[in-house]
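What follows is a set of notes on a single structure, which appears directly below.
Any read-out appearing in this document is the output of simple, stated calculations on the displayed coordinates, not a laboratory observation. The model shown is predicted, which means the values in this text are computed figures rather than measured ones. Backbone-built Cβ (ideal geometry, glycine too); neighbour counts: all protein chains shown.
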Amino acid sequence: MSDKVYNFGAGPAMLPEPVMAKIQQEWLNYQGMGVSVIEISHRSKEFVAILEEAQSLFRELTGLPENYKILFIHGGARMQFSALPLNLAGRKAGKRCLYFETGNFAKLASKDAKDFCHVEIAASRAETNYDRIPEYDPAIFTDDVSYVHITGNNTIYGTRWNKFPETGDVPLIADMTSEILSRKIDYSKFGVIYAGMQKNLGPSGMAMVIIREDLLGSAAKETPILLNYTQADADNSLTNTTNTFAIYTTKLVLEWLKEQSGVEAFEKRNEEKAARLYKVIDASDFYRGVAHPDHRSIMNLSFNLASEELEAKFLKEAGVIGLYALKGHRNVGGIRASIYNPMPMAGIEKLASFMGEFERNNS
Ligand SMILES: Cc1ncc(COP(=O)(O)O)c(C=O)c1O
């Protein structure tokens, strides 16, 4: 077994090493308080400072406009699949909500929403097993639609929206769980962006929800209080005892991102990392990429080999040299390399050279 392990898991995913070291260093004694950061009250001035610093770092790193609120909501991304229609479908009398079906999580988002609004599928690429983002007619974004939902990056199939739909006055909602902070985004084009925190932000179990303030105030009466975005905004995400550890870690990740020169620098680095691996995939037909080349993700790279036996051999040999968690999702099988912001170029080089060598030894 190799000493250095590179974690290619889709999530919970690797965190930056300096962040882990900082957590370890502060664990038993947070800033001279003599107690751990997970032992202090969520309403203490020290924790409120952590929460507000996380919000202000996110704003600074992304240029998020003033009229957007940053909320921390329980239950990860999936909980938002229900919270979104509960909070927003009632904006229009017909509760029509358009969903783009671009993969597994996009499908789950529309399935979970069905109990709370009239879901319509805007477009789907199910017929080619979600290997690309579907085409659509922008005339579907009519004034009586409450919102349009997309999944910015499809974690399982390894596709992403290169150009986001222009929805005019209809709020565009994006699940950015597997790509938040990986590329520069014009937030003003969106009504809501949300992300489960376990990939580019921090630990699992919570979501960051970024909402344009004029969209607050439309929640259905039956919305559970902890899923009500207006309530969360009024309480600065402290309606009840929040996951203090997740928010603390996210703050450290955002500090690290800032030290590393911000989102633009990461976008460039992420493109280089992905290009290095796609070059190996494209060099022959030994590796078969799942995503159509025009729709490829720079965060999740899914590919197959000629047989399941060969894929099992690949995973076994990769594991021995410290390339961890490369098994693809059960929907597509094969291999998936998740290369979020914290994955260093050294991990990419190690995987690329292993792929080259494995191909030479097995073709
Ligand atoms: C794009 C996307 N949406 C939603 C989810 C579900 O997130 P959670 O497990 O936090 O509910 C995931 C999980 O990987 C995801 O990748």
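The table below lists the values:
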{"read-out": "Label point distance in nm, S284-D169, each placed 7 Å from Cα along Cα→Cβ", "value": "5.8"}
{"read-out": "Relative contact order [Cα under 8 Å, 6+ residues apart], segment 262-362, whole percent", "value": "30"}
{"read-out": "Cα-Cα over 27 Å, subset of K69/K163; K4/K107; K221/K251", "value": "K4/K107; K221/K251"}
{"read-out": "Likely footprinting exposure, M299, M345, fewest C-beta neighbours within 10 Å first", "value": "M345, M299"}
{"read-out": "Size of charge dipole - the chain - debye, nearest 20, with Cβ of Lys, Arg +1 and Asp, Glu -1, no other charges", "value": "400"}
{"read-out": "Kirkwood hydrodynamic radius of segment 262-362, Cα pairs, Å", "value": "13.8"}
{"read-out": "Per-peptide average of other Cβ atoms within 10 Å, ordering 114-126, 286-298 highest first", "value": "286-298, 114-126"}
{"read-out": "Within-10-Å neighbourhood charge of L215 [Cβ basis; K, R +1; D, E -1]", "value": "+1"}
{"read-out": "Helical contribution to [θ] at 222 nm, DSSP H n ≥ 4, -39,500 (n - 2.57), averaged over the chain, rounded to 500", "value": "-11000 deg cm²/dmol"}
{"read-out": "Cα gyration tensor category, rounded, prolate or oblate, for the chain with a/c compared to 1.5", "value": "oblate"}
{"read-out": "For segment 262-363: lysine pairs under 15 Å (alpha-carbon distance), excluding those fewer than 8 apart on one chain", "value": "4"}
{"read-out": "Relative contact order computed over segment 106-184 (Cα-Cα under 8 Å; 6+ residues apart), in percent", "value": "26"}
{"read-out": "Estimated FRET transfer efficiency when R0 is 35 angstrom, pair H42-S261 (beta carbons, to 0.05)", "value": "0.65"}
